[in-house]
Amino acid sequence: MAKFTLHVNGNEQTVDVDPATPVLWVLREHLDLPGTKYGCGIGQCGACTVHVEGAAMRSCSLPVSSIGDRPITTIEGLSEHGTHPVQQAWLDHDVPQCGYCQAGQIMSASALLSHTPDPSDADIDAALQGNLCRCGTYLRIRSAVKSAARSANS
Amino acid sequence: MPDEWFDINAYLKIGDNGVVTIMSPNPEFGQNIKTSMPMIVAEELDVDWNNVIVEQAPFDTTKYTRQFAGGSASIRSSYDGLRLAGATARHMLRQAAADAWQLPLAEITTAAGMVHHAASGQSASYGTLASAAAGVSVPEEVELKNVRDFGIIGTSRKNVEAKNIITGKPLFGIDYRRDGMLIAMIAHPPAFGMKLKSFDGAAAEKMPGINKVFSIETFPRGFEKGLFDTVSFTELVAVVGETTWQVMQAKQVLEVEWEPITDVVETMNIFGNIRENRIPGGLESTEEHERRMEQESGSGTRVSRRDGDPEAAFARAAQVIERTYTAPFLAHNCMEPMNFFAHFTDEKLEMAGPLQAPEFTESTLAARFDLPKEKIDIHLTRMGGGFGRRAYGHYLVEAALISQQAQAPIKLIYTREDDMTCGIYRPSYHATYRAALDEAGKLIGLHVKAGGVPESPLFANRFPAGAVDHYLAEEWSVDSNISIGAFRAPRSNFMSGAEQAFLDEVAEAAGKDPIDFRLELLQRARENPVGENNDYDAARYAGVLELVREKSDWDNTPAGASRGVSAYFCHNTYVAQVLDLTVTDGKPTVDRVSCAVDCGIVINPDAATNMAEGAIVDGVGNALYGQLTFRDGVPDQQNFDDYRMIRIGEAPRSIDVHFVRNEESPTGMGEPPFPPVFGAVANALYRATGERHYRQPFLGERELLG
Ligand code: FES
Ligand code: FES
């Protein structure tokens, strides 16, 4: 066990865990942030996507010891009241079915828009190729990402 | 929020400020009944949807019927009851106003949460009348709205849970927490056909955070299993500890020995019918399955339907076409792996988590633990997908056993690998179709022979039965120790693809347009059906084909694209699809899918469209990539690195969904749009490549066709 001070959603929090513990489980079980989901544990499904210094990363494959003082943002911290343009677009397009994958999708999409404000279909597909949606909401995801880009740019 | 709530009935309560809480009785796994069921109540109640709050109803068989997610039947079987719940409440509100104003009930009308009396100009809100209405005696008969006056049903309403989903609220079973709760995981045999021999948990118990390691027996020998008590591995090793990561680590140092099973006979009690089920020993492989299916298909079959004289028709045919179709096992792969919370105390068994069939599982728990049902409390959380998988509640029994033995509240979590390798799969199937055509290219005989490991997928009375004079349907099956379960449109999800690909080939041999060919058969079935018990309405079937022909502009295939058509009827809903694809350097891209649906009255059109889109994506994915294969009982695919799932880049570029407008009672949307996709993909691929595809998945791990 070892102590780590993490910067999550603008707060500093210290946890005492095995250094190999993936950030996913630290968030879910030590910091009471269960919005980030477990789907595969091997970086293949994207359900656990968070931002580390603004970049989309798979938290299941990030040992807590690798984070240092880089800031982490989770779905709970993306916006205060669910008002991020990507979240709003998700509501406008009524994207979710079961909803389990959607936090990961939103985190990947918002990271994409932060560096590619006007993404093409190919950009969207490439950025979200790592996020599985078993319910098959991919078409709505594509449309929602485009609307989010439009509203953020207008 | 109101200061006070008044319970009107099990489905709704009204606040003194006019806000209405409507209970959504059925388990929610993405089909969005949490929105559409309350919409039906709100319609008859005549309330403004913006004043409605939706809550998940508790699992309670005394208040609600059929709290079950399956068979695409949530809306179909609850529609009348939900209307009645709303209409009864509306009647009681009107009665309360009539009493207060001393006016005849017949003169009291309602609109958007208000009660009115036109002649006197009096009005009152539901909120002010709620208290009095709660005391009105429940009427024996109430009038329902004319469907033409619907103002909520048939209009798109947003998913009531969307905001919670997109902000990451803890909605799912895996998010469930309780003070003092421990985490549990199980180790099950690595191969079907194996069982627990012995284990040594000493090393695991020494790992940090680990509380206990022990074995559990889900169902002891002789336990009478019900319909949804399927499970392959009944003896498991459980590891209990403080956190998921710690338990995962401890599982890795667990020392377990497994041994082969010999033939097992289990007792099944299917609604009072006791029968024995033999499960063979042995370590099975996909190659062996395929060989056995080939063999069985050629011999021991059972006749399920015979019309006319099929043998004679085939003997005199000018042309006979015979084709065989196969499909592999599939894993459900719900995004949220199996999990459940359990707290077993002397007073009661308390459980919470994702489950499709609580009523069945409650009976199983009662029998397994010898508990009266009143002592079992199952709280239903939102499910991260189900697709049939979560109807099989063995994981609740496991969680309860673990809590009992650990003497603590626990949450059992399956790793993705545990989830993918523990069974309850879509079976592997095989079907041979033969068609007899006369000189003029008319279909005079059809013969279907279908089977699988371990069940037959045949529906003997479905189309084209009833449309062909001489028809023979036979089936067979091969025993297996790999467990299977319902998977989105069970059996239909294979038969549709085989049948619709075959009809495409027959149409071509007959020199006919594939839609015209189907419509001619349906016309025959409508005007002069062959035999009885034809499980479809030929006019509605033809209706979706005609609608998709129009909406896809069938006669004008876009330049460069290749199109395939398919239509199927299952779970009371008719669906036809036209799928356009292009193949570039061996890589298929689905450009567009047009989908026509007849599910009667559409409750929530945009949500129904979402279901159809998802089912189409799911179908394209499974047609092209989905497979679970075995070697010596071990699944070759154990996580998403080798189980290929459709991803965003492979999803269709566009999908348009069209509903037949009618006033038929509503039927389901969860399953019906899924089965036709397989045939549409196969038929479009043929037009693109000149090659017919008989074996699913059409691509598998390969990136390119050919
Ligand atoms: S849980 Fe991290 S990618 Fe699947
Ligand atoms: S909405 Fe269910 S997995 Fe994406």
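Using θ = phi - 60° and the Karplus relation 6.51 cos²θ - 1.76 cosθ + 1.60, list the HN-Hα couplings for the range B:246-257 in order, rounded to whole Hz, with x at every Gly or Pro.
Calculated HN-Hα couplings, in order: 5, 5, 4, 5, 5, 4, 6, 9, 5, 9, 10, 10 Hz.
Could you give the alpha-carbon Rg of chain B over 2.2 N^0.38 Å, rounded to two decimals?
Compactness ratio reported: 1.03.
May I ask for the distance between the Cα centers of the range B:514-565 and the range A:104-154, given as a whole number of Å?
Going from one Cα centre to the other spans 37 Å.
Taking Cα centroids, how far is the range B:387-424 from the range B:9-77 in Å?
28 Å
Charges only on Cβ, +1 for Lys and Arg, -1 for Asp and Glu: so what's the dipole of the range A:85-153 about the Cα centre, in debye to the nearest 20?
The dipole magnitude comes to about 120 debye.
Roughly how many nanometres apart are two label points built 7 Å out from the Cα toward the Cβ at B:ASN17 and B:ASP535?
It works out to 5.1 nm between the two label points.
Residue by residue through the range B:321-327, what is 3J(HN,Hα) from phi via Karplus (6.51 cos²θ - 1.76 cosθ + 1.60, θ = phi - 60°)? Round to whole Hz and write x for glycine and proline.
Per-residue couplings from phi come out as 10, 10, 9, 10, 10, 9, 8 Hz.
Which cross-chain or sequence-distant (5 or more) residues have an amide H under 5 Å from the amide H of B:GLU284, H modelled 1.01 Å from N in plane?
Correct list: B:GLY633.
Charges on Cβ only, +1 for Lys and Arg, -1 for Asp and Glu, centred on the Cα centroid of the range B:523-611; of B:THR557, B:VAL575, B:CYS595, which one is farthest towards the dipole's positive end?
The one lying farthest along the dipole's positive direction is B:THR557.
If I model a spin label at B:LYS348 and B:ASN528 as a point 7 Å from the Cα along the Cα→Cβ vector, what separation in nanometres do I get?
6.5 nm
Rounded to the nearest 20 Debye, what is the dipole magnitude of the range A:36-154 about its Cα centre when Lys and Arg each give +1 and Asp and Glu each give -1 at the C-beta?
It comes to approximately 280 debye.
For B:LYS212, list the aspartates and glutamates whose Cα falls under 20 Å from its own Cα; do not include residues on the same chain fewer than 8 positions away.
The qualifying aspartates and glutamates are A:ASP18, A:GLU29, B:ASP179, B:ASP200, B:GLU235, B:GLU242, B:GLU255, B:GLU257, B:GLU398, B:ASP418.
Dipole magnitude of the range B:5-166 about its Cα centre, charges +1 at Lys/Arg Cβ and -1 at Asp/Glu Cβ only, in debye to the nearest 20?
The calculated dipole for the range B:5-166 is roughly 460 debye.
According to a simple spin-label model (label point 7 Å from Cα along Cα-to-Cβ), what is the distance in nm between B:SER285 and B:ALA315?
Those two pseudo-labels are separated by 4.3 nm.
Give the percent of DSSP beta bridges with both residues in the range B:5-166 that are antiparallel, rounded to the nearest 5. Numbers along the way, then the final one.
On the way: 15 of 20 bridges.
Approximately 75 percent, going by the DSSP bridge assignments.
If one computes the Cα centroid of the range B:219-295 and of the range A:12-84, what distance in Å separates the two points?
Using only Cα atoms to place each centre, the spacing works out to 35 Å.
Less than 22 Å apart at the alpha-carbon level, and either on another chain or at least 8 residues along: which lysines does that give for B:LYS225?
The reachable lysines, counting only those whose Cα sits under 22 Å from B:LYS225, are B:LYS195, B:LYS373, B:LYS375.
So what are the ³J(HN,Hα) numbers for the range B:38-55, from phi and the Karplus equation (6.51, -1.76, 1.60; θ = phi - 60°), rounded to whole Hz, Gly and Pro as x?
Along the range B:38-55, the couplings run x, 4, 5, 4, 4, 4, 6, 5, 6, 10, 6, 4, 5, 9, 9, 10, 9, 10 Hz.
When the scattering of the range B:5-166 is computed by the Debye formula from its Cα atoms alone, each counted once and equally, what is log10 I(q)/I(0) at q = 0.11, 0.12, 0.17 Å⁻¹?
Values returned for q = 0.11, 0.12, 0.17 Å⁻¹ are -0.42, -0.50, -0.98.
To the nearest µm²/s, what D does Stokes-Einstein give for chain A at 10 °C and 1.306 mPa s, using the Kirkwood radius over alpha carbon pairs as Rh?
102 µm²/s
What part of the accessible area of chain B, given as a whole %, is carbon or sulfur when the probe is 1.4 angstrom?
Answer for chain B is 45 percent, counting heavy atoms of protein chains only.
Rounded to the nearest whole Å², what accessible area per residue is found for the range A:85-153 with the 1.4 Å probe?
28 Å²
When DSSP beta bridges are limited to those with both residues in chain B, what percentage is antiparallel, rounded to the nearest 5?
75 percent
Taking H placed 1.01 Å from N in the peptide plane, check which residues at least 5 places from B:GLU28 or on another chain put their amide H under 5 Å from its amide H.
Result for B:GLU28 returns B:MET383.
In Å², rounded to the nearest 100, what is the total accessible surface buried by chains B and A against each other with a 1.4 Å probe?
In total, this chain pair buries about 4800 Å².
What does the charge add up to near B:VAL239, with Lys and Arg as +1, Asp and Glu as -1, over the other residues with Cβ less than 9 Å from its Cβ?
+1
How high is the relative contact order of chain B, in percent, counting Cα pairs under 8 Å that sit 6 or more residues apart?
14 percent
Straight distance only, please: which lysines reach the Cα of B:LYS169 with their own Cα at less than 23 Å, same-chain residues fewer than 8 apart left out?
Reachable lysines: A:LYS37, B:LYS34, B:LYS158, B:LYS411.
Determine the shape class of the protein assembly as shown: with a ≥ b ≥ c the square roots of the Cα gyration tensor eigenvalues, call it rounded for a/c under 1.5, and otherwise prolate if a/b is greater than b/c, oblate otherwise. Numbers along the way, then the final one.
Values: a/c = 1.39, a/b = 1.08, b/c = 1.28.
Here the protein assembly as shown falls in the rounded category.
Apply the membrane-span-like helix rule to chain A: whole DSSP H runs, Cα extent along the own long axis of at least 18 Å, mean Kyte-Doolittle hydropathy at least -1.0. List the helices found.
Result, helices passing both filters: A:102-115, A:138-153.
Going toward the positive end of the dipole of the range B:464-505, with +1 on Lys and Arg Cβ and -1 on Asp and Glu Cβ, which of B:MET495, B:HIS470, B:SER483 do you reach last?
The listed residue farthest towards the positive side: B:SER483.
Please give the contour-minus-distance gain from B:ARG661 to B:THR109: 0.36 nm per residue of separation, less the Cα-Cα distance, rounded to one decimal in nm.
Details: separation 552, 0.36 × 552 = 198.72 nm, distance 2.86 nm.
Extra length available between B:ARG661 and B:THR109 comes to 195.9 nm.
Considering amide H positions built from the backbone, and no H for Pro or chain starts, which residues 5 or more places from B:TRP5, or on another chain, come under 5 Å of its amide H?
none
Just the number, please: percent antiparallel of the DSSP beta bridges in the protein assembly as shown, rounded to the nearest 5.
Antiparallel bridges make up about 75 percent of those DSSP assigns within the protein assembly as shown.
Once you list every other residue whose beta carbon is under 12 Å from the beta carbon of B:GLU701, what net charge do they have if Lys and Arg are +1 and Asp and Glu are -1?
Computed value for this residue: -2.
The values are calculated or read from the model by the stated rules, or taken from the named source; none is laboratory data. What you see is a predicted model, and the numbers here were worked out from it, not measured in a lab. Cβ coordinates were reconstructed from backbone atoms using ideal geometry, including for glycine residues, and neighbour counts include every protein chain displayed. Side chains included, ligands, DNA and RNA excluded: accessible areas come from the protein's heavy atoms. Shrake-Rupley method; radii C 1.70, N 1.55, O 1.52, S 1.80 Å.
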